[in-house]
Each structure stands twice: as structure tokens, then as C-alpha cells.
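Enquirer: Mind looking over this structure? Questions follow.
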Amino acid sequence: MQRRSFLKSAAAGSLAGPAVVRAQSLDGRLPEIKWRLASSFPKSLDTIFIAAETMAQRVAAATGNRFQIRVFPAGEIVPGPQVLDAVKDGTVEIGHSASYYYVGKDPTFAFDTAMPFGLNSRQQSAWIFNGGGLELMRELFRGYNIYNIPLGNTGVQMGGWYRNEIRTVDDLKGLKMRIGGFAGQVIARLGAVPQQIPGGDVYPALEKGTIDAAEWVGPYDDLKLGFNKVAKYYYYPGWWEGGPQLTAYVNLKQWNGLPKEYQTVLEDACMVGHIDMQTRYDAKNPKALKELVGSGTVLKPFPAEVMAACYKATLEIYDETAAKNPRFKKVYEAWRKFRDEQLQWFAVAENRYDNFMQATRTFGQKK
Ligand code: CA
């Protein structure tokens, strides 16, 4: 009876003003929740960092500020690479990270971000949201006490900054390059010496010549860090990051404790942040690239021979990893089938369209 009279008064109230009624109904049913989000990224990597803030703002707006998520940059609660553990152990309720940071725990984590010669950002989103990828990744994350939600993609990255030209595979021999994860293993197989260096230390290392090359993200972020001042050659593409995805990690107990409405709001807000990040990069990169080239940067594609050798080494590493790790094997086989179908489809209309439009060379000309 009480509930019925509440509904009646709510209906009467809606004639006066729907906003008030909604607030009343929220008051009656939904709790106030405050979460802390540990980001793996510094504020200076604004395009990536903002995605978590965008998500948090949407969550707050959709719940009348009842569900608040405060975003902390890397290092304020835990260092960037420890976000997964912080969420797993309940130090924070939620995190924002790149899952390939955790390949030391299980190489299967890389599928959640990017694999060398893997998916571009459209294909990664297709695999995750509608190609069975999210289910496979949730199986993996469940073992770490985490509910994972995609939150951002940078789009294909650049192949990085080099003090000297890369003309042949032999030029990789002895090359000291800041590059991580699977890609580091790949170039190591071709004689290069991968280095793990935090973002802030890359510039001085490249300037002093402690390293010969470094990859970071793409024109927008690379220009901000000024890599063009300490290395002349800017290669493309970043074949190890065709469409790297970032992910929100929610502590599983906290996730299960959320009202269904908040779960929906949180997932939807992550989707907004996911799309927002990609569009920010796509909007900002062209101008930044022009500025870099204008400042004297020499833009170069990796030679086909180098790409082919890296591809071959990548396939060897995948086969070896699959032979050792059944979980990796299961995801790899499903992922590879999906990628190959995507490549066949993208080779038709998408590729013809892009190639034609780029070949017209009418862009950038004055009318
Ligand atoms: Ca990168």
C-alpha cells in the first residue's frame, strides 16, 4: 500500500515537474556511493587520462551525484603499473589501465590492449563488443577479482623516433629502443635491445644517446614531449599497436554490490569515454603531425623487409606462447580467426575507399 501511494504521489508530482519526481524516486531507492579510481596514466597524457574523468562525470550526472568516482593520476594512490593489483586487492574500487602492462602475470592480457600485427581500433572494438572478445577477457579478469569494461582506444600508433635511419633488418641489430611487451620480444629476436623506460625518462635518454630509439604514442602526445628535438626520424606504423584499447577495472565485489541501475550507468559512461578518446586522437593528430613535419621531422614508413621480418618473428612468438599457455592459445585462436575475417572485409570497400580518397591528393589544396 505504501509503495502504491508513493507511486501515486510521484505520478501527481510529474505534472508539476519531472525532474523533482526523478530525484525523489532516486532518494527512495539508490544509495550514495563514492569510489576512488587509480589511473595508470599521468595528467599530462591528457587524451588518455581524460577518458576516466569523462566517464566519472557521466556517472555523476546520470545519478544526480549519488554515484561519484574521483580520478587519481598515476602515482597518487599507486604507481601506474600497479593499478591491476590495487583493484584486485580492493585498495581502490576502480582503475584505468592498459592490460598489456600485465603480460608478466599472463601474456593473454595483451589481447585486451593490442597485439603486434593485431587489430586496428575499429576491429578491436568489433571484437570486444560484438565478436566474443569481451567474454574471453572477462573470463581472464575474473581470475583476478576484476570486472573489466573497455574505456578508450588511441587508434593506430606511430612506430617511434629514431636517431638514425632504419633501412634494412640489419639496422635493428644492437638498436637500443624504448619499447615494451611483445613488441620488445619481437625486435629482440632481430637483434635489437628493448628498454623499459618510464615516459618521463624517455626524452633525456634519447637526448643523451643512452637509447637510439623510442616509441610513445602518436603525433599529438609525441609533439608535447618534444621527441622531435632529440631524434630526426619518425617511422610508421606502430605495427605493435594497431588499435590499443584502455580498460576500466572494477573490483568484482564492488561491481556485484552496485545496484543494477548503477552498473548500467557505469558501463554506458565507459562507452562514452571509449568513443570520446578515439575521436580526440583522430581530431588532434593531423595538426600535430603537420607541426612535426614543419619543424624538420623526417617522416618515413618502415621498409617492407623490416615489417616482414618483424611479422615472421611475431608469429613464432605467438606459436611458442600458445604452446606454453592454454589460455593464450584459446584466445589466440578465436582472435586470429576474427582478425583474418576482418582483414578480408576491410580489404574490400574500406580499403578501396580510403585508397581512392587519399590518392586524389586534393586534400589540403586551396579551392
Ligand atoms: Ca606506444
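The values are calculated or read from the model by the stated rules, or taken from the named source; none is laboratory data. Model, not experiment: these values are computed from the prediction. Methodologically, a virtual Cβ is constructed for each residue, glycine included, from the backbone with ideal geometry; neighbour enumeration extends over all protein chains shown. Heavy atoms of the whole protein, side chains included, go into the accessibility calculation; ligands, DNA and RNA do not. Shrake-Rupley method; radii C 1.70, N 1.55, O 1.52, S 1.80 Å.
Enquirer: Can you tell me which residue in segment 231-264 is surrounded by the most Cβ atoms within 10 Å (Cβ to Cβ), limited to those that are closer than 30 Å to Gly294 by Cα and away from the ligand (no atom under 16 Å from the Cβ)?
Expert: Ranking the qualifying residues of segment 231-264, first place goes to Tyr233.
Enquirer: Go through Lys105, Lys176 for me and flag whichever is touching a strand residue (DSSP E or B) at 6+ places or on another chain (Cβ under 9 Å) and basic (Lys, Arg). Walk me through it before giving the result.
Expert: Working: Lys105 fails: touching a strand residue (DSSP E or B) at 6+ places or on another chain (Cβ under 9 Å).
The match here is Lys176.
Enquirer: For Gly191, are the conditions met, namely being open to solvent by less than 50 Å² (accessible area, probe 1.4 Å), away from the ligand (no atom under 16 Å from the Cβ) and in a loop (DSSP other than H, G, I, E, B)? Write out each step before concluding.
Expert: Details: open to solvent by less than 50 Å² (accessible area, probe 1.4 Å): yes; away from the ligand (no atom under 16 Å from the Cβ): yes; in a loop (DSSP other than H, G, I, E, B): yes.
So Gly191 fits the description; yes.
Enquirer: Would you tally the residues in segment 164-185 being closer than 27 Å to Tyr100 by Cα, more than 16 Å from the ligand (Cβ to nearest atom) and in a loop (DSSP other than H, G, I, E, B)?
Expert: 4
Enquirer: A further question on this structure: Modelled with pLDDT of 95 or more, closer than 28 Å to Pro219 by Cβ and part of a strand (DSSP E or B) - does that describe any residue in segment 101-115?
Expert: Among the residues of segment 101-115, not one is modelled with pLDDT of 95 or more, closer than 28 Å to Pro219 by Cβ and part of a strand (DSSP E or B), which makes the answer no.
Enquirer: Among the candidates Ala60, Ala51, single out the residue that is touching a His at 6+ places or on another chain (Cβ under 8 Å), part of a helix (DSSP H, G or I), closer than 30 Å to Lys253 by Cβ and at pLDDT 50 or above. Step through it out loud before you land on a result.
Expert: On the way: Ala60 fails: touching a His at 6+ places or on another chain (Cβ under 8 Å).
It is Ala51.
Enquirer: Has segment 290-312 got at least one residue that is modelled with pLDDT of 95 or more, within 18 Å of Phe117 (Cβ to Cβ) and acidic (Asp, Glu)?
Expert: Initial filter on segment 290-312 (modelled with pLDDT of 95 or more): 290-312.
Those left that are additionally within 18 Å of Phe117 (Cβ to Cβ): 301-312.
Okay, now just the ones that are also acidic (Asp, Glu), so 305.
Yes, some residue in segment 290-312 is modelled with pLDDT of 95 or more, within 18 Å of Phe117 (Cβ to Cβ) and acidic (Asp, Glu).
Enquirer: Output yes when any residue across segment 209-227 is away from the ligand (no atom under 16 Å from the Cβ) and part of a helix (DSSP H, G or I), and no when none is.
Expert: Initially, segment 209-227 is screened for residues away from the ligand (no atom under 16 Å from the Cβ), giving 209-210, 212, 226.
Now restrict to residues that are part of a helix (DSSP H, G or I): none.
Checked against the condition, which is being away from the ligand (no atom under 16 Å from the Cβ) and part of a helix (DSSP H, G or I), segment 209-227 yields no hits at all.
Enquirer: Is it the case that segment 276-295 has a residue that's within 27 Å of Phe111 (Cβ to Cβ), small (Gly, Ala, Ser) and either without any contact (Cβ under 8 Å) to a residue 60 or more places away in the chain or away from the ligand (no atom under 16 Å from the Cβ) (or both)?
Expert: No, there is no match, as no residue in segment 276-295 is within 27 Å of Phe111 (Cβ to Cβ), small (Gly, Ala, Ser) and either without any contact (Cβ under 8 Å) to a residue 60 or more places away in the chain or away from the ligand (no atom under 16 Å from the Cβ) (or both).
Enquirer: Give the residue, chosen from Gly118, Gly155, Gly95, that is open to solvent by less than 10 Å² (accessible area, probe 1.4 Å), within 16 Å of the ligand (Cβ to nearest atom) and small (Gly, Ala, Ser). Steps first, please.
Expert: Numbers: Gly118 fails: open to solvent by less than 10 Å² (accessible area, probe 1.4 Å); Gly95 fails: within 16 Å of the ligand (Cβ to nearest atom).
Every option except Gly155 fails the conditions.
Enquirer: What is the number of the single condition among (1) among the hydrophobic types (A, V, I, L, M, F, W, C); (2) part of a helix (DSSP H, G or I); (3) open to solvent by 10 Å² or more (accessible area, probe 1.4 Å); (4) under 30 Å from Val92 (Cβ atoms) that Val331 does not meet?
Expert: (3)
Enquirer: Just to be sure before I move on: is Pro204 under 24 Å from Phe49 (Cα atoms), more than 16 Å from the ligand (Cβ to nearest atom), open to solvent by 10 Å² or more (accessible area, probe 1.4 Å) and not acidic (Asp, Glu) in the structure I sent?
Expert: Numbers: under 24 Å from Phe49 (Cα atoms): yes; more than 16 Å from the ligand (Cβ to nearest atom): yes; open to solvent by 10 Å² or more (accessible area, probe 1.4 Å): yes; not acidic (Asp, Glu): yes.
Spelling it out, Pro204 is indeed under 24 Å from Phe49 (Cα atoms), more than 16 Å from the ligand (Cβ to nearest atom), open to solvent by 10 Å² or more (accessible area, probe 1.4 Å) and not acidic (Asp, Glu).
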